[in-house]
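Chemist: Mind having a look at this structure? Questions to follow.
The values are calculated or read from the model by the stated rules, or taken from the named source; none is laboratory data. Source: prediction; values computed, not measured. Cβ placement follows ideal geometry from the backbone for every residue including glycine, while neighbour counts extend to all protein chains displayed.
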């Protein structure tokens with residue numbers, strides 16, 4: 001069992017640590033119903049009540065047609081809330097991120113750094129860390145009530161992983177037309193959404209090698225970047241994915257929302273200054289404090305959560321953000337009972353940054 005501590009201004013709320021054991025996402029909604037409804041309300045304000053209802057119906061139809069293995073969980077959430085939005089929220093992919101992986105400067109294992117940006121308000125205030133039990137072992141999900149997929153998570157002793165969204169692929173070079181072409185491609189697909197595939201990895205993969213193989217080879221319905229770190233200092237990579245192809249870039253490596261290689265480009269980068277965010281993350285892989293380095297352009301008005309995770313030590317640091325500033329205290333978990341321990345200096349050597357392997 002990990003030791004838990006919080007740090008930061010007392011006026012800020014603490015991030016809840018929720019133990020669901022083998023219970024699923026519907027149970028988290030039952031425990032945090034008010035927070036879930038607030039997130040749905042933010043969705044209505046952003047997309048309008050009518051727009052969210054239409055998106056919800058289309059998302060449900062696609063999930064049913066693709067025989068999605070997590071449809072039952074989403075249906076249970078929708079029934080619990082009795083409001084439109086649960087299906088659409090679980091297929092939402094309109095967010096940007098900055099992530100990196102490299103040897104932990106504290107001297108043991110690899111470390112995953114991750115900052116998620118999303119226009120949907122309230123996510124920073126309502127982020128939770130959920131402890132799950134699965135056939136492959138226990139794992140910690142940095143998530144929100146109402147979601148069944150996984151965007152960022154840590155399985156102590158196995159691996160840590162996150163998802164970034166790649167650039168919008170250029171089909172005709174006109175942004176609205178390119179976006180519509182991607183939606184048509186999604187509608188025709190029956191593969192898993194990237195966040196659902198990442199959940200499967202945490203539930204079934206025994207180690208870094210197994211997770212890497214699954215995330216590299218399994219079909220997905222949309223392109224994705226999977227950022228993965230294992231327990232050894234050299235175990236880390238960014239897996240650039242299209243629906244059925246992959247290119248792997250070895251750690252130390254950072255990625256934002258544009259392609260690292262040329263195999264799948266060109267594309268229209270997403271979010272605020274993707275190149276600048278990636279450059280700052282690259283420099284920050286050697287930062288001893290896992291969260292203190294965060295600054296513009298990585299920190300911006302749409303930043304919602306910052307995470308640092310080490311699968312070798314089980315160390316996890318999480319902080320929610322809103323409007324370009326911290327919205328929660330920092331939650332720190334130390335699997336070895338060293339909560340709040342000061343890290344030691346000296347990064348270990350890793351693989352050559354950005355080394356790519358096409359598969």
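Chemist: Evaluate segment 210-220: report whether one residue or more is buried (at least 17 other Cβ atoms within 10 Å of the Cβ), modelled with pLDDT of 95 or more and under 20 Å from residue 59 (Cα atoms).
Modeler: Yes, that holds for at least one residue.
Chemist: Across segment 226-241, which residue is modelled with the lowest pLDDT among those that are outside any strand (DSSP E or B) and crowded, with 23+ Cβ neighbours inside 10 Å?
Modeler: We begin by selecting, within segment 226-241, every residue outside any strand (DSSP E or B); these are 230-235.
Now drop any that are not crowded, with 23+ Cβ neighbours inside 10 Å, which leaves 230, 233, 235.
Numbers: 230: 98, 233: 92, 235: 98.
Residue satisfying both the conditions and the ranking: 233.
Chemist: Would you call residue 154 in contact with a strand residue (DSSP E or B) (Cβ under 7 Å, 6 or more places away or on another chain), modelled with pLDDT of 95 or more and crowded, with 23+ Cβ neighbours inside 10 Å?
Modeler: So residue 154 passes the test.
Chemist: OK, next. Looking at 251, 279, can you tell me which residue is farther than 30 Å from residue 16 by Cβ and surrounded by fewer than 21 Cβ atoms within 10 Å (Cβ to Cβ)?
Modeler: When all the criteria are applied, what remains is 279.
Chemist: Let me ask something additional. Could you please tell me which pairs satisfy a Cβ distance under 6 Å, a separation of 6+ or placement on different chains, a first residue in segment 278-297 that is under 16 Å from residue 318 (Cβ atoms), and a second residue that is at pLDDT below 95 and in a loop (DSSP other than H, G, I, E, B)?
Modeler: Once the first residue is under 16 Å from residue 318 (Cβ atoms) and sits in segment 278-297, its partners that are at pLDDT below 95 and in a loop (DSSP other than H, G, I, E, B) give 293/287.
Chemist: Turning to a different aspect of this structure: Out of curiosity, is residue 93 touching a residue at least 24 places away in the same chain (Cβ under 8 Å), surrounded by 20 or more Cβ atoms within 10 Å (Cβ to Cβ) and under 27 Å from residue 270 (Cα atoms)?
Modeler: no
Chemist: Do we have any residue at all in segment 37-59 that's surrounded by 15 or more Cβ atoms within 10 Å (Cβ to Cβ) and closer than 28 Å to residue 155 by Cα?
Modeler: Checked segment 37-59: at least one residue is surrounded by 15 or more Cβ atoms within 10 Å (Cβ to Cβ) and closer than 28 Å to residue 155 by Cα.
Chemist: Determine whether segment 280-290 contains at least one residue that is part of a loop (DSSP other than H, G, I, E, B), farther than 23 Å from residue 233 by Cβ and in contact with a strand residue (DSSP E or B) (Cβ under 9 Å, 6 or more places away or on another chain).
Modeler: No, segment 280-290 contains no residue that is part of a loop (DSSP other than H, G, I, E, B), farther than 23 Å from residue 233 by Cβ and in contact with a strand residue (DSSP E or B) (Cβ under 9 Å, 6 or more places away or on another chain).
Chemist: Determine which member of the set 11, 53, 21 is out of contact with any strand residue (DSSP E or B) (no Cβ under 6 Å at 6 or more places or on another chain), within 30 Å of residue 315 (Cβ to Cβ) and free of Cβ contacts under 8 Å to residues at least 40 places away in the same chain. If you could, list the steps in order and put the result at the bottom.
Modeler: Values: 53 fails: within 30 Å of residue 315 (Cβ to Cβ); 21 fails: free of Cβ contacts under 8 Å to residues at least 40 places away in the same chain.
Residue meeting the stated conditions: 11.
Chemist: Can you confirm whether segment 215-225 contains a residue that is closer than 28 Å to residue 138 by Cβ, assigned to a helix (DSSP H, G or I) and within 17 Å of the chain's Cα centre (by Cα)?
Modeler: The answer is yes; a qualifying residue exists.
Chemist: Another question, if that's okay. Of the numbered conditions (1) over 15 Å from the mean Cα position of the chain (by Cα); (2) at pLDDT 95 or above; (3) part of a helix (DSSP H, G or I), residue 249 satisfies every one except a single condition; which is it?
Modeler: (3)
Chemist: Please tell me if residue 244 is over 18 Å from the mean Cα position of the chain (by Cα), surrounded by fewer than 23 Cβ atoms within 10 Å (Cβ to Cβ) and assigned to a loop (DSSP other than H, G, I, E, B).
Modeler: yes
Chemist: Looking at segment 303-344 only, could you name the residues that are in a loop (DSSP other than H, G, I, E, B) and modelled with pLDDT of 95 or more?
Modeler: Filtering segment 303-344 for residues in a loop (DSSP other than H, G, I, E, B) gives 311-314, 323-324, 327-329, 335-344.
Answer for segment 303-344, where residues must be in a loop (DSSP other than H, G, I, E, B) and modelled with pLDDT of 95 or more: 311, 312, 313, 314, 327, 328, 329.
Chemist: Would you confirm whether or not segment 157-165 contains a residue that is at pLDDT below 95, in a loop (DSSP other than H, G, I, E, B) and within 28 Å of residue 324 (Cα to Cα)?
Modeler: Scanning segment 157-165, I find at least one residue that is at pLDDT below 95, in a loop (DSSP other than H, G, I, E, B) and within 28 Å of residue 324 (Cα to Cα), so the answer is yes.
Chemist: A further question follows. Tally up the residues in segment 180-199 that are free of Cβ contacts under 8 Å to residues at least 40 places away in the same chain and within 18 Å of residue 153 (Cβ to Cβ), please. Please lay out each step first, then the result.
Modeler: Narrowing segment 180-199 to residues free of Cβ contacts under 8 Å to residues at least 40 places away in the same chain: 180-181, 183-184, 188, 197.
Okay, now just the ones that are also within 18 Å of residue 153 (Cβ to Cβ), so 197.
Counting residues in segment 180-199 that are free of Cβ contacts under 8 Å to residues at least 40 places away in the same chain and within 18 Å of residue 153 (Cβ to Cβ) gives 1.
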